[in-house]
Each structure stands twice: as structure tokens, then as C-alpha cells.
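**Student:** Here it is, the structure in full.
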Amino acid sequence: MDERSEQAGGKQAPVIEPGYTFGSVTDKISAIVLTRPTSTSWFIGFGAFFLVTMMLLYAIGYLLVRGTGIWGINIPIGWGFAIVNFVWWIGIGHAGTLISAILLLLRQSWRNSINRFAEAMTLFAVASAGIFPLIHMGRPWLAYWMFPYPSTMGIWPQFRSPLVWDVFAVSTYFTVSLLFWFIGLIPDLATLRDRSENRWARIIYGILAMGWRGSARHWFRYETAYLLLAGLATPLVLSVHTVVSFDFAVGIVPGWHTTIFPPYFVAGAIYSGFAMVLMLAIPIRKIYALEDFITERHLENSAKVMLATGLIVAYGYIIEGFMGWYSGNRYDAFTLWNRLHGPYAFFYYMLIACNIVIPQVLWIRKLRTKPVALFAVSGVILVGMWLERFIIVVVSLQRDFLNSSWGMYYPTRWDWMTYVGTIGMFLAAMFLFVRILPMISIFEMRTLLPEAEVKE
Amino acid sequence: MSTAHMRNPDLMAPLVVKTIGQRSLVVGVIFSVIAVAGAFAQPAVFFRGYLLSFMAWLGVALGSMAVLMLRHMTGGGWGMVIRRIMGAAMRTLPFMALLFVPICLFGLPKLYVWARPLESITDKHLREHLQEITRSYLSVNGFILRAVIYFAIWNALSFFLTKWSREQDQPPARDHSARFRALAGPGLILYGFTISFAAIDWVMSLDPSWISTIYGLLVLAGQVLSAICFAVVVERILVRYKPMSEMLKPDYVHDHGKLMLTFVMVWAYFEFSQWLIIWAGNLPEEITWYMRRLNGGWGYIGLFLVVFHFAVPFVMLLSRPFKRDVTRLVWLAIWLMVMRYLDIFWNIEPNFSNTLTVTWADVVVPVAMGGLWLAYFFRNLGSMPLLPAYDLDAKEVLEPAHE
């Protein structure tokens with residue numbers, strides 16, 4: 001498990017290109033925020049996504065006025081786009097904590113250059129996810145009823161419902177991710193404070209740096225706190241998507257009620273999370289000339305994680321399909337038939353193509369280091385994972401036990417505006433993030449340099 | 001190459017391995033005689049114990065193969081130091097295939113409802129269900145054919161992993177890591193699928209009307225846990241002697257302890273997920289499996305597993321000094337192997353009895369099979385050096401510890 005010995009023996013690309021010093025690493029990363037002039041294309045990109053965010057606000061505003069009737073949901077399909085998008089975004093949000101916490105505990109030092117923006121991505125993805133259940137309530141101003149507070153009305157949440165567990169799981173996850181991200185930022189915020197020429201920037205970064213001076217005692221406490229938070233965050237990676245899978249699996253709807261769901265959802269979440277990390281990392285490293293820090297090694301390792309988690313997802317499909325047939329349960333068998341031949345069959349085949357067939361090209365080593373190809377495959381996986389949630393939510397509800405309660409689901413333009421709107425919000429936030437905070441952890445990159453190796 | 005001066009005899013397992021092997025053989029033979037005598041008296045009872053002990057020891061052999069392939073994927077000294085232990089356990093797979101023959105020849109109708117004549121089944125719903133499923137999947141021929149395929153795949157993987165590893169005992173130094181990786185990646189996928197279907201065939205189909213899609217992964221997690229615990233036990237025996245006393249560093253033991261912790265948690269996670277989903281759904285075709293296992297005294301075993309297969313080992317494994325000290329860790333490893341056995345017992349036996357019963361076969365057959373298995377294992381362990389000296393990664397293990 002020791003990274004350095006592996007580097008010495010293998011022919012793999014390094015985690016950081018040679019020739020850098022402590023100073024030049026700091027210069028290069030902090031310059032993106034402090035000295036590099038903001039380009040026109042940044043303004044165009046941010047402006048465009050900001051407009052899409054405005055569309056989201058419009059769609060939500062109209063929803064609050066008119067109610068959820070403007071969406072395509074109906075009976076029997078009471079969970080439409082809102083839940084599909086919620087699960088999709090939450091899944092994407094898993095890569096951040098996996099990279100920061102689990103890979104830290106596994107001593108995988110290659111994570112050091114991608115953890116910061118993966119964590120930021122997690123926060124924005126969870127924020128996007130959180131919008132959906134909230135607005136899906138119909139009366140979001142009563143959302144606080146979900147919490148068990150001493151109420152004079154005698155209202156108490158149903159603790160046997162996984163929907164209540166979700167409230168706790170997601171809010172805990174968001175809080176811990178935010179803390180983890182912020183604590184990781186403190187030493188770098190202090191660097192920006194010290195290097196900034198602008199008086200206001202110095203004050204703001206100074207407040208955020210919380211008096212960091214970089215003394216040995218600071219570092220000692222920092223490392224302890226960071227490791228403890230990583231330990232806390234690790235079970236969260238599993239718990240959040242496990243609870244999301246319980247939302248479905250504890251019900252008895254065919255297509256939802258199956259015991260493989262927890263590990264299969266977690267694997268799918270990491271799968272889509274890494275796809276999103278690659279879709280962001282590939283353009284960013286190109287635009288900001290960070291190929292020396294986010295090397296082919298990072299691309300290849302991320303591709304391997306996607307390949308492995310994708311295969312677990314494939315295992316889930318196969319076992320679920322087999323059991324539907326083996327059990328002799330006619331409802332399970334019909335669910336399988338309905339996916340293959342029902343009105344939404346096209347999307348099921350698309351799902352199989354996007355999630356299982358196409359990603360197998362990642363077995364080819366050359367493709368794993370080709371940014372353009374990886375970008376394309378990651379896009380395909382993100383589409384596939386969205387379709388998976390669509391199949392699970394809509395196609396299962398669409399035709400359950402009684403023919404008399406079958407129905408069809410057609411998303412309306414408001415559904416689409418909300419969905420696309422959250423993508424816009426997510427990307428606008430990413431634009432702001434790369435502009436005002438160091439997107440790569442400066443001090444952790446410095447530990448990767450040969451200078452940092454201490455003889456024991 | 002600094003390993004060039006290492007002569008292979010220095011790396012051979014100590015002679016004690018032979019002694020343990022011989023003693024295991026004696027125990028195995030004595031108990032086998034008792035077991036075979038019992039088999040003639042009470043064949044149905046015998047085969048219940050037989051399937052139980054077969055699954056328990058298969059878990060160690062197959063789990064070792066899985067951990068070995070995992071090591072080839074990830075690298076690292078923790079795996080190098082136990083590589084030959086896991087290899088020796090993996091090379092017992094031909095013996096496991098042999099042990100499966102009696103089940104196919106004599107055990108099927110005694111163990112599996114679906115292998116009995118349909119007319120003998122009184123439950124109307126079960127008969128209707130079996131009418132369909134025995135035609136398509138759960139037929140005797142299909143069962144045997146699938147078993148042949150599983151064992152062929154496992155033995156083929158074991159053959160190549162051993163062959164290439166053996167080449168690294170002789171000069172010149174070779175880097176087989178790419179070749180091992182190319183086999184281990186697909187090998188792990190094959191293992192995942194074959195063990196899942198084997199688990200369905202051999203254990204889940206004892207109750208042909210019950211399904212659980214996570215069941216294959218549950219069996220898989222249990223096997224990997226058994227294998228890691230077994231490796232810890234063997235390294236504890238070997239660490240008293242050269243060469244293991246020089247190779248085994250606290251850092252490696254720490255990694256083995258972490259793996260134990262991980263798989264204790266993974267097992268509990270899968271087990272809890274299965275239970276919660278089935279309990280909440282409360283469907284008649286599913287909940288009956290738990291009704292059997294939570295009533296009539298079986299519930300005590302279930303509760304015991306929750307506490308002593310998960311909670312207590314989990315808390316103990318959180319301690320860092322405990323994980324780094326092999327002389328202490330080994331006791332938990334032995335305990336967890338007993339718990340693995342109990343878990344398989346709790347999965348298999350309630351199919352045959354409504355109330356908690358322990359038969360002679362549940363004790364005698366596992367000891368008999370275990371004695372023979374261990375004799376074979378220790379013979380394998382003595383036949384190859386404990387470290388492939390001409391693997392490029394061997395250098396790291398042979399270096400003296402930093403601490």
C-alpha cells in the first residue's frame with residue numbers, strides 16, 4: 001500500500017511532474033487566484049451558467065405559486081424527475097468524500113491534487129440534490145416538520161420511514177463535507193492571505209484563515225483534526241447512499257424491493273462521482289495548464305475506479321435480472337419484462353449501453369490516459385447513471401401490481417427547467433470556486449515533492 | 001539485485017510445518033473414520049454437517065485466492081508477506097473439488113428439496129414452484145454441470161497464479177506484476193460471479209422459495225474474512241521461526257488487522273441491509289427465512305452473531321496497538337473463524353429443524369474435514385519458499401524493519 005515504492009518500480013506516470021520546488025508549486029497554484037487576470041471566457045462561461053441558475057429560480061418560483069401540479073408527476077408515478085435528480089446529484093456528491101477521506105486513510109497520495117475541487121464539487125452537488133426533496137414537498141415552508149422538535153401540535157416524524165433517515169443522513173453529510181473542506185482550506189487560505197496584494201482580499205482571506213501561522217503546534221493539531229474528520233466522513237460515504245437505497249428497497253414495489261440495493265447504490269454513486277470529477281478535471285487542467293499536477297496517473301486511476309465500480313453496478317443488474325427469473329415471482333418477472341419490452345424499453349437499452357457496454361473500453365490502457373476519450377466516456381456514464389435512476393423510479397412505479405393503476409409519466413418543461421437549472425447552478429458555483437479559492441491543495445502538493453521526503 | 005544472495009533454502013518454511021501437518025492428518029483421519037461410520041448410520045444428518053463444513057473450509061481456500069488476486073491488483077508488502085500462505089490455501093482447491101463429489105453422488109436428495117421426487121412434496125405452493133424451477137435451473141444435471149464449471153474456473157486461476165509465482169523462486173529476478181494484474185482483474189470478476197451462483201446453488205437453494213439478491217456478496221465477504229483471519233493464524237505460528245520472524249513487520253500486521261476490521265464491517269453491513277429490507281417489506285416469501293432463524297432458539301445464535309461476529313470484534317479492532325501485535329490479534333482471528341463457522345451453521349441448519357439442534361455431524365465432520373484440509377495446506381506450505389525471492393517486490397519485505 002506504500003505509494004512511493006510503487007512509483008519507483010512501475011512505469012506509470014508520476015503524480016507530479018519533476019522539476020518543481022516548494023516555491024514554484026505555491027506560485028503556480030496561487031497565481032490562478034491572485035495574479036492571473038480574469039479572462040473574458042471565464043466571464044462568458046460564468047454569465048451563461050448564471051443565467052441558467054436564474055431559470056432555476058424562475059422554475060422554483062412558479063412552482064411555489066402553482067404547486068407540484070406543474071410537473072409531470074401523477075398517480076401512480078408520484079416520484080418523477082425530482083427524486084431521479086435528487087439521487088443522481090447525491091450520487092455525484094460521493095466522489096468528493098471518497099477521494100478526501102477514504103483515499104487519505106488508504107495513504108493514496110495521488111489524491112492530493114484532485115481532492116480539493118472534488119470536495120467543492122461534492123458540496124455543490126449535495127446542495128443541488130437538497131433542493132429537490134425540499135421543493136417536492138409541495139409546501140417547502142413546512143420542511144422543518146421533518147425534524148423531531150418538541151412541537152405543540154404533537155407532530156412527530158415517522159422514524160420507521162427511510163425518508164426521515166434521509167433528512168439526517170444528507171444534512172450530516174453536507175455538514176461534515178463542508179467542515180472537511182474548510183479545514184483542508186485553512187493553510188492555503190493563509191498562503192493566499194500572505195501573498196495577496198489587494199487589501200480587501202487580505203482581510204477576507206485573513207478572516208477565513210482563522211489566524212493560521214503554520215507553527216509546528218498548528219500543524220500537529222491540524223493533522224490530528226483532519227485525520228479524525230476523515231475517520232468520521234468515511235462511514236458517511238456508505239451511509240448516505242445506503243439510506244437513499246432504503247428509500248426504495250424497504251417498500252414492496254417490484255423493482256425496488258431487493259436486498260442488493262445498498263451496495264449497488266453505493267457503487268453506482270462512486271461510479272457517477274468519479275465520472276463528474278473527470279468531466280471537471282479534464283477541462284480545468286487544460287485551461288489552467290495544470291497537466292503537471294493533474295497528471296495522466298490521476299486520469300488513469302480515476303478510470304480504474306470507474307471501471308471497478310461500473311462492474312459492481314453490472315453485477316447488480318445481472319443478479320437482479322437472474323433473481324427475477326429464478327424466484328418465479330410473477331411481479332418481479334413482469335418488472336423485468338416491462339423494462340425490456342415496456343413503453344420505456346428504449347431507455348433501458350440506453351442504460352445498459354451507457355453504464356455497462358461502453359465503459360468497458362476503459363480496459364484499454366491507452367484510452368485510460370487519453371483525456372478526450374475519458375471525457376466522452378465520463379459523459380456517457382453520467383447519462384447512464386441518470387437513466388438508471390429514471391428506470392428505477394419511473395418504470396417501477398409505472399406498472400406495479402394492478403393493471404387498473406398503471407400509468408405513464410411525461411416530464412413537463414418545468415421538470416426540465418428545474419433539472420437543467422441545477423446543472424447551471426452547479427457549474428456557476430464551480431466557476432466561482434476556481435476563481436476565488438485555490439482549486440488544488442497547495443500544501444498537500446508540496447508534500448509530494450522529493451524535497452518533502454524525510455529520512456526516518 | 002540485493003536479493004541475489006538470498007538462497008532459497010533460507011526462505012523455506014520451518015520444519016514445524018511438517019509436524020503440524022502430520023498431527024492434523026492424524027486428527028483428520030481419526031475423525032473421518034468416525035464421520036464415515038456415522039454417515040452409514042444417519043446419512044441425512046451426516047450430509048447436513050458435511051455441507052456446513054464444506055462451505056466453511058471452501059471459504060478459507062477461495063477467500064485466500066481472492067485476497068491473493070487483490071494483492072496482485074494493489075501491490076504492497078502486507079500481501080507479499082502472506083502471499084505464499086494464501087497460495088498454499090488456494091492450492092487446496094483440487095481437494096475441495098474432490099470433497100464435493102460425495103454431495104453430488106449421494107447427498108443431493110438428502111439436502112435439497114428440489115432434488116427429491118416432486119410427488120413426495122406435500123406443500124402445494126412449493127410443488128407448483130418447484131415444477132417450474134426444477135425444469136429450468138435447479139435440476140440435478142444442471143447443478144453438477146455448474147459445479148464443474150465453478151471448480152474448473154477456480155482451479156485454472158489457481159494453476160496460473162501458482163505457476164507464475166513459482167517461476168519467481170529461481171533467478172533471474174522477474175517482474176510478473178503486469179501479468180499477474182492482467183489475470184487478477186478478470187479473475188476477481190470471475191470469482192465474484194462464480195461464488196455468487198455457487199452460493200445460490202449450494203446454500204440458498206436449500207430453501208428454494210427464498211431469494212435475496214445480496215446473498216452472493218454476503219458469502220463472498222465471509223470468505224474473504226475467513227481467509228484473512230486464517231493468514232493471521234498461520235503467520236502467528238510461523239513468526240516464531242526464521243524466515244517469517246525477519247519478514248513480518250508490525251506495519252504488515254497492522255494492515256492485516258485493518259483488513260479484518262474492514263471485512264467485519266462489510267459483512268455486518270451486508271447482513272444488516274438484507275435483514276432490514278426483508279423485515280421492512282415483510283413479504284411472506286421472504287420473511288419466512290428470518291422467522292425460522294429468529295424463533296425456536298435459533299434467534300439466540302443470530303443475536304450471538306450480532307454481538308460476537310460484529311460488535312465486540314469491531315470495538316477490539318479499533319485499537320491500534322491491538323492490530324499491530326500479532327500475538328494478540330491471532331486470538332481474535334481464531335475467534336472470527338469460529339464465528340464464520342457459526343454464521344454458516346445459522347444459514348444452513350435452520351432449514352432442517354424448527355428448533356435449535358446441534359448434531360454430532362456439526363462437530364465431527366468439520367473437524368475431520370479440517371484435519372485433512374490442514375494437512376494438505378501445510379504440505380503445500382512446506383513445498384514452496386515463504387517468499388518468491390526473485391519477485392522485484394520481495395526486496396521491501398526482506399529489508400529490516402524501521403522500528
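**Student:** Could you let me know the centre-to-centre spacing of the range A:269-309 and the range B:35-63, using Cα atoms, in angstrom?
**Tutor:** Their Cα centres are 50 Å away from one another.
**Student:** Also, I was wondering about something else. Send over the Kirkwood Rh of chain A, from the inverse of the averaged 1/r over different Cα pairs, rounded to one decimal Å.
**Tutor:** About 23.5 Å for chain A.
**Student:** Output ³J(HN,Hα) for the range B:46-51: one whole-Hz value per residue in order, computed from phi by the Karplus curve 6.51 cos²θ - 1.76 cosθ + 1.60 with θ = phi - 60°, and x for Gly and Pro.
**Tutor:** Rounded to whole hertz, the list is 4, 5, 4, x, 5, 4.
**Student:** In the Gaussian network model of chain B, springs joining C-alpha atoms below 10 Å, which of B:SER165, B:SER319, B:SER120 carries the largest mean-square fluctuation?
**Tutor:** Residue with maximal mean-square fluctuation among B:SER165, B:SER319, B:SER120: B:SER120.
**Student:** Evaluate the charge dipole of chain B about its Cα centre and quote only its size in Debye, nearest 20, assuming +1 on the Cβ of each Lys and Arg and -1 on the Cβ of each Asp and Glu.
**Tutor:** 740
**Student:** So what's the projected area for the range A:311-456, the Cα convex hull averaged over all directions, in nm²?
**Tutor:** 15.0
**Student:** Can I ask one more? Find the all-direction average of the projected area of the Cα convex hull for the range A:402-456, expressing the result in square nanometres with one decimal place.
**Tutor:** For the range A:402-456, averaging the hull's shadow over all directions gives 9.7 nm².
**Student:** Among rounded, prolate and oblate, which fits the range B:16-85 when a ≥ b ≥ c are the square roots of the eigenvalues of its C-alpha gyration tensor, a/c under 1.5 means rounded, and a/b larger than b/c means prolate?
**Tutor:** oblate
**Student:** Rounded to the nearest 20 debye, what is the charge dipole size of the range B:333-403 about its Cα centre when +1 sits on each Lys and Arg Cβ and -1 on each Asp and Glu Cβ?
**Tutor:** Computed charge dipole of the range B:333-403: roughly 320 debye.
**Student:** Restricting things to Cα coordinates, could you compute the convex hull volume per residue of the range A:94-202 in Å³?
**Tutor:** Convex hull of Cα atoms, per residue: 166 Å³.
**Student:** Roughly what percent of Cα-Cα pairs across the range A:80-121 reach past 12 Å?
**Tutor:** 59
**Student:** So what are the radius of gyration and Dmax for the Cα set of the range A:119-171, in Å?
**Tutor:** For the range A:119-171, the Cα-based Rg and Dmax read 12.7, 40 Å.
**Student:** How big is the Kirkwood radius of the range A:163-237, worked out from every pair of different alpha carbons and given in Å to one decimal?
**Tutor:** With all distinct Cα pairs of the range A:163-237 included, I get 13.9 Å.
**Student:** Let me ask something else. Which longest uninterrupted range of chain B lacks any trypsin sites (Lys or Arg not before Pro) assigned by DSSP to a loop state (not H, G, I, E or B) and surrounded by at most 15 other Cβ atoms within 10 Å?
**Tutor:** Counting only loop sites that pass the neighbour cut-off, the longest clear stretch is B:8-239.
**Student:** I would also like to ask the following. How many lysine pairs in chain A, separated by 8 or more positions in sequence or lying on different chains, have Cα atoms less than 18 Å apart?
**Tutor:** Counting lysine pairs in chain A gives 7.
**Student:** Against the empirical 2.2 N^0.38 Å scaling, what ratio does the C-alpha Rg of chain B come to?
**Tutor:** Rg over 2.2 N^0.38 Å, computed on Cα atoms: 1.01.
**Student:** Next question. With a 1.4 Å probe, how much accessible area is buried between chains A and B, both sides summed, in Å² to the nearest hundred?
**Tutor:** Approximately 3200 Å² gets buried when A meets B.
**Student:** If you count, for every residue in B:285-291, the Cβ atoms of partner chains within 10 Å of its Cβ, what is the mean?
**Tutor:** 1
**Student:** So what is the diffusion coefficient of the range A:1-144 in µm² per second by Stokes-Einstein at 25 °C and 0.890 mPa s, using a Kirkwood Rh over Cα pairs?
**Tutor:** 127
**Student:** Where the Cα atoms of the range B:89-146 are projected onto their three principal axes, how long is each span, largest first, in whole Å?
**Tutor:** Here the Cα extents, ordered largest to smallest, are 45, 20, 16 Å.
**Student:** Still on this structure, I have one more. Please report the base-10 log of the normalised intensity I(q)/I(0) for the range A:236-351, using a Debye sum with one equal scatterer per alpha carbon and no solvent, at each q in 0.20, 0.22, 0.23 (1/Å).
**Tutor:** The Cα Debye sum returns log10 ratios of -1.10, -1.22, -1.27.
**Student:** Stick to the Cα atoms of the range B:179-228, pair each with every other, and give me the Kirkwood hydrodynamic radius in Å at one decimal.
**Tutor:** About 11.8 Å for the range B:179-228.
**Student:** Can you work out D for the range B:52-168 in µm² s⁻¹ from Stokes-Einstein, where Rh is the Kirkwood radius over C-alpha pairs, the temperature is 25 °C and the viscosity is 0.890 mPa s?
**Tutor:** 149
**Student:** In addition: With the convex hull built on the Cα atoms of the protein assembly as shown, state its orientation-averaged projected area in nm².
**Tutor:** 38.5
**Student:** Tell me which lysines have Cα within less than 18 Å of B:LYS258's Cα, excluding those fewer than 8 residues away on the same chain?
**Tutor:** Straight-line reach from B:LYS258, under 18 Å: B:LYS249, B:LYS323.
**Student:** From Cα coordinates alone, what are the radius of gyration and Dmax values for the range B:110-211 in angstrom?
**Tutor:** Values for the range B:110-211 (Cα only, Rg and Dmax): 20.0, 68 Å.
**Student:** When only DSSP loop residues count, what GluC sites (Glu not before Pro) in the range B:238-340 have their Cβ near at most 15 other Cβ atoms within 10 Å?
**Tutor:** none
**Student:** Oh, and also: Tell me which of A:VAL361, A:LEU382, A:PRO411 sits at the most positive position along the dipole axis of the range A:349-431, charges placed on C-beta atoms (Lys, Arg +1; Asp, Glu -1).
**Tutor:** Of A:VAL361, A:LEU382, A:PRO411, it is A:VAL361.
**Student:** Take the alpha-carbon centre of the range A:137-200, take the same for the range A:25-96, and report the distance between them in whole Å.
**Tutor:** Comparing the Cα centres of the range A:137-200 and the range A:25-96, I get a distance of 18 Å.
**Student:** What average number of partner chain Cβ atoms lie no more than 10 Å from the Cβ of the residues making up A:247-260?
**Tutor:** The per-residue average across the peptide is 5.
**Student:** Still on this structure, please answer the following. Rounded to whole Å and sorted largest first, list the principal axis extents of the Cα atoms in the range B:212-319.
**Tutor:** Sorted from largest, the Cα extents of the range B:212-319 read 58, 26, 21 Å.
**Student:** What is the mean number of Cβ atoms from other protein chains located within 10 Å of the Cβ atom of each residue in peptide B:276-284, rounded to a whole number?
**Tutor:** 5
**Student:** Let me ask another. Would you mind estimating how fast the range B:275-384 diffuses translationally, via Stokes-Einstein at 20 °C and 1.002 mPa s with the Kirkwood radius over Cα pairs, in µm²/s?
**Tutor:** Estimated via Stokes-Einstein, D reaches 129 µm²/s.
**Student:** Another question, then. Sorting check: for A:389-399, B:50-60, A:435-445, A:138-148, which peptide has the highest mean count of neighbouring beta carbons within 10 Å, and how do the rest follow?
**Tutor:** B:50-60, A:389-399, A:435-445, A:138-148
The values are calculated or read from the model by the stated rules, or taken from the named source; none is laboratory data. Everything numeric here is computed off the predicted structure, so don't read it as measured data. Cβ atoms come from the backbone with ideal geometry, glycine included; neighbour counts cover every protein chain shown. To get the accessible areas, we keep the full protein, side chains included, count just its heavy atoms, and leave off ligands, DNA and RNA. Shrake-Rupley method; radii C 1.70, N 1.55, O 1.52, S 1.80 Å.
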